[in-house]
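Asks: There's a structure below that I have some questions on.
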C-alpha cells in the first residue's frame, strides 16, 4: 500500500496480530472507512493456522490462508510484518505515544501454561517439552533450511493434557513412531496419508499387524474422564444436550484410541516429578474424582509412571508484555464483554476468549470489532501531522524487515509450506 496516499486527517486503528481474528478485524475496520494497521510478529500472518494446526489439516489451512490473505488485501489495510509487541514496539508506544485512534490485541496465546509442579520447568529440553514448540517442529522440520528446535521421538511417551490439542500431540507422536518403524523396514509412508487412513489400516496395506512392530505408543493422562474432555462444546447446553455431548466426546476419544493407537489414562493428575540422572524420568500421579464439576484428588492413590519423553499440553496463555495489566497468567480485562483492556485498548480472539478455535475467534472478532470502531469514530480524527508520524513509524518497520509495501507481492515471495 502506498503510504503517501494516507496524508489527510483520519482514524487509524492498530491491530497486533494478523491471523484469524486480527485479519477479520482489519477488514471490518477498513470497510468502515478507517485505516487498519496490522502489526504482525511473524513474516507471514497465519499464526497458529500455520504453526499450531498440525500439517495434515492441509485443506483447512489453505482455506484459512486464503481468507486471511483476502482480509489483509482489503483497501485501507496496512500490513507491518516482523514486528513483535513488547520487543520491536512497546505497548506504551502503541497504546499512547503514537496517537492511534484505538489499539486491538489479537496476537493469540503462545505461552504454554506451565505444569503446576514446583521446579519442573528445569527439565525443559531434558525430558520435558511443551506443546507449542513441539507442534511447530512437526509442521516445519521437513522444510529446507529448517533451523528450529528439534525433538526426538521416543516410544512410550507421556502426554499431559486433555483437549483437542493434546490429541494432536498424541497423534504426532504415534504417527511419527510408526512411520519411522516402517521406514526401518524399507517401507516409506506419508504421515498425512497415514493420518487419514489410520495406523492399523496403513499397516494392513503393507501386510503387517500392530503387534508386528512392538510399539507401545504414547499415553494421554487426563485429570478427568473422556466424557468430560473439551472436544465438542455448545454454549449453555441443556441437561439433555449435555448428556448427549458427553457421549459424543467419549466416541471421539474412542476413535482416537482405535485409529491412532493412543493409550488413555483418565482421572490422573501429576503431583511430583521423578528425576533420574538429572533428567525428568516420569511423574508420581494421584487419582481424581469429579464432584459438582470440580476435580478432587483421592488420598492414598499415588502411582508412578516413567517415560523418556513427556509433553505437557494443558493449554496456552497470552505472552506477558511489559505494560499490559495481568491477573495471574491472563490479561486483566476491564470489561470482557466489550473486550476492553484499558481505555482505547481492546482484545479479541484467543487472547481474550482463551479458546484456540478458528470459528470462535472469527465470531468474537465480528462481535468486538464493531464496538471498537464505534468508540474510535466517536473520537476526533487524527490530525494530518499525527497521521504522518504514524506512517513514518510504519516506513521504519518496513525498511527494517525489507517489506516492499504490497501484501500480495510479499506473500507470493514468502509462501507457507504446502
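Laboratory data are not the source of any read-out in this text; all were calculated from the coordinates shown. Keep in mind the model is a prediction, meaning the values are calculated, not measured. Ideal geometry is used to build each Cβ from the backbone, glycine not excepted, and the neighbour counts take in all protein chains shown.
Asks: Over the stretch 111-314, what is the relative contact order in percent, taking alpha-carbon pairs closer than 8 angstrom and at least six residues apart? Each step should come with its number before you reach the end.
Replies: Details: 330 pairs, mean separation 60.6, N = 204.
Relative contact order here is 30 percent.
Asks: Counting DSSP beta bridges with both partners in the stretch 111-314, what percentage is antiparallel, nearest 5?
Replies: Working: 16 of 30 bridges.
Taking every DSSP beta bridge within the stretch 111-314, about 55 percent pair in antiparallel fashion.
Asks: Taking the highest mean first, how do the peptides 251-261, 48-58 order by number of other beta carbon atoms within 10 angstrom per residue? If you can, show how the numbers build up before the last one.
Replies: Numbers: 251-261: 17.0, 48-58: 19.7.
Highest-to-lowest ranking by the protection proxy: 48-58, 251-261.
Asks: Could you point to the label whose value was computed as Kirkwood radius over Cα pairs in Å for the structure here, given (i) 21.7; (ii) 23.3; (iii) 22.4?
Replies: Identified label for the calculated read-out: (ii).
Asks: Of all DSSP beta bridges in the chain, what percent run antiparallel (nearest 5)?
Replies: Details: 24 of 55 bridges.
Rounded to the nearest five, the antiparallel share is 45 percent.
Asks: Please compute the modelled spin-label separation between residue 204 and residue 335, points set 7 Å along Cα→Cβ, answer in nm with one decimal.
Replies: 5.8
Asks: Now for a different question. What angle, in degrees between 0 and 90 and rounded to the nearest 10, separates the Cα long axis of helix 131-140 from the longest principal axis of the Cα atoms of the chain?
Replies: The angle comes out at about 80 degrees.
Asks: Distance between Cα centroids, the stretch 140-185 to the stretch 300-326: provide it in whole Å.
Replies: Using only Cα atoms, the two centres lie 19 Å from each other.
Asks: If you fit an axis through the alpha-carbon atoms of helix 58-72 and take the longest principal axis of the Cα set of the chain, what angle between them do you get, 0 to 90°, nearest 10?
Replies: 10
Asks: How do 313-325, 396-408 rank on mean C-beta neighbours within 10 Å, highest first?
Replies: Values: 313-325: 17.6, 396-408: 13.8.
Peptide ranking by packing, descending: 313-325, 396-408.
Asks: Angle check, please: helix 358-377 long axis (alpha carbons) against the longest principal axis of the chain (alpha carbons), in degrees 0 to 90, nearest 10.
Replies: 20
Asks: Just to verify a number: FRET efficiency for residue 322 and residue 355, C-beta to C-beta distance, R0 = 25 Å, to 0.05? Each step should come with its number before you reach the end.
Replies: Numbers: r = 26 Å, r/R0 = 1.02.
Given R0 = 25 Å and the Cβ-Cβ separation, E is 0.45.
Asks: How far is it, in nm, from the label point at residue 257 to the one at residue 192 when both lie 7 Å from their Cα along the line to the Cβ?
Replies: Here the modelled spin labels are 3.1 nm apart.
Asks: What distance in nm separates the simple spin-label points at residue 284 and residue 8, each placed 7 Å from Cα in the Cβ direction?
Replies: 7.2
Asks: What FRET efficiency, computed as 1/(1 + (r/R0)^6) with R0 = 25 Å and r the Cβ-Cβ distance, is obtained for residue 124 and residue 88, rounded to the nearest 0.05?
Replies: Working: r = 26 Å, r/R0 = 1.02.
Computed FRET efficiency for residue 124 and residue 88 comes out at 0.45.
Asks: Could you identify which residue out of 71, 335, 174 has the top mean-square fluctuation in a GNM of the chain using Cα springs shorter than 10 Å?
Replies: 335
Asks: Between residue 374 and residue 96, what is the FRET efficiency for a Förster distance of 30 Å, r being their Cβ-Cβ separation, to the nearest 0.05? List each step's numbers first, then the result.
Replies: Numbers: r = 21 Å, r/R0 = 0.70.
Efficiency, from the Cβ-Cβ distance: 0.90.
Asks: Quick one: compute a quarter of the convex hull surface over the Cα atoms of the stretch 1-149 and quote it in nm². Before the final figure, lay out each step's value.
Replies: Details: hull surface 45.3 nm².
It is 11.3 nm².
Asks: How long are the three semi-axes of the equivalent ellipsoid for the stretch 111-314, computed from the Cα gyration tensor as the root of 5 times each eigenvalue, in whole Å, largest first? Mind dumping the intermediate values first?
Replies: Working: eigenvalues 158, 107, 53 Å².
In descending order, the three semi-axes are 28, 23, 16 Å.
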